[in-house]
Amino acid sequence: MEEIVRASGHENVSAEHASTFEVTTDDWLTPAGDCILAVEANRAPADFQPEFVEACRDREATITATFEADGHVETVEGSGHPDLTFESDRSLVGRTSEYVDERTVLIGADSAAGDLDRALVGALSEGASLELRLAVE
């Protein structure tokens, strides 16, 4: 089962955060947003199909986030959790920690923004389009 989010890179993408990554529907980004990979997302967690959300609420679920921009591909793997709500209509966040809020789409991630390939980050900072595929098994 899969959800696809399309968004745009931004000149202030730095992807330096050590424990999260984020994609937002906001159309702006300040340099302080060091976990944000892309802006102007066409979808947020509140838009995801109920079946996808329910599958992600299983502690045994593996959730894979695949980021693709300008020919660069990076994959982050994490876990589901019963407390995931997918209620945010603004942004989605993946976390290396176990913390859950309305924006969280996966926990226990094996990578955060700061771990992503710098070529991918460079493309996003130059405004490349991002396709994010979230898959749950």
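Values quoted throughout were computed directly from the atomic coordinates according to the rules given, and no laboratory measurement underlies them. Note that this is a predicted model, so its numbers are computed, not measured. Backbone-built Cβ (ideal geometry, glycine too); neighbour counts: all protein chains shown.
Criterion applied to Glu102, Glu68, Glu131 was being surrounded by fewer than 22 Cβ atoms within 10 Å (Cβ to Cβ), of a type in the set (Asp, Glu) and in a loop (DSSP other than H, G, I, E, B), and the one residue passing it is Glu102. The condition (being among the polar types (S, T, N, Q) and touching a residue at least 40 places away in the same chain (Cβ under 8 Å)) is satisfied by just one residue among Thr20, Thr75: Thr20. For the residues Ala109, Ala61, the requirement of being crowded, with 17+ Cβ neighbours inside 10 Å and over 23 Å from Thr25 (Cβ atoms) singles out Ala61. Sub-6 Å Cβ pairs linking a first residue in the range 24-52 that is farther than 20 Å from Leu84 by Cβ to a second residue that is basic (Lys, Arg), at least 6 apart or interchain, are Asn42/Arg6, ordered by first then second residue.
The residue that is farthest from Gly108 (Cα to Cα), counting only those in the range 53-72 that are out of contact with any Asp or Glu (no Cβ under 6 Å at 6 or more places or on another chain) and in contact (Cβ under 8 Å) with a residue 60 or more places away in the chain, is Ala69. For residues that are small (Gly, Ala, Ser), within 18 Å of Thr66 (Cβ to Cβ) and not in a loop (DSSP other than H, G, I, E, B), scanning just the range 8-52, find the one that is farthest from the chain's Cα centre (by Cα). Applying the filter and picking the extreme gives Ser8.
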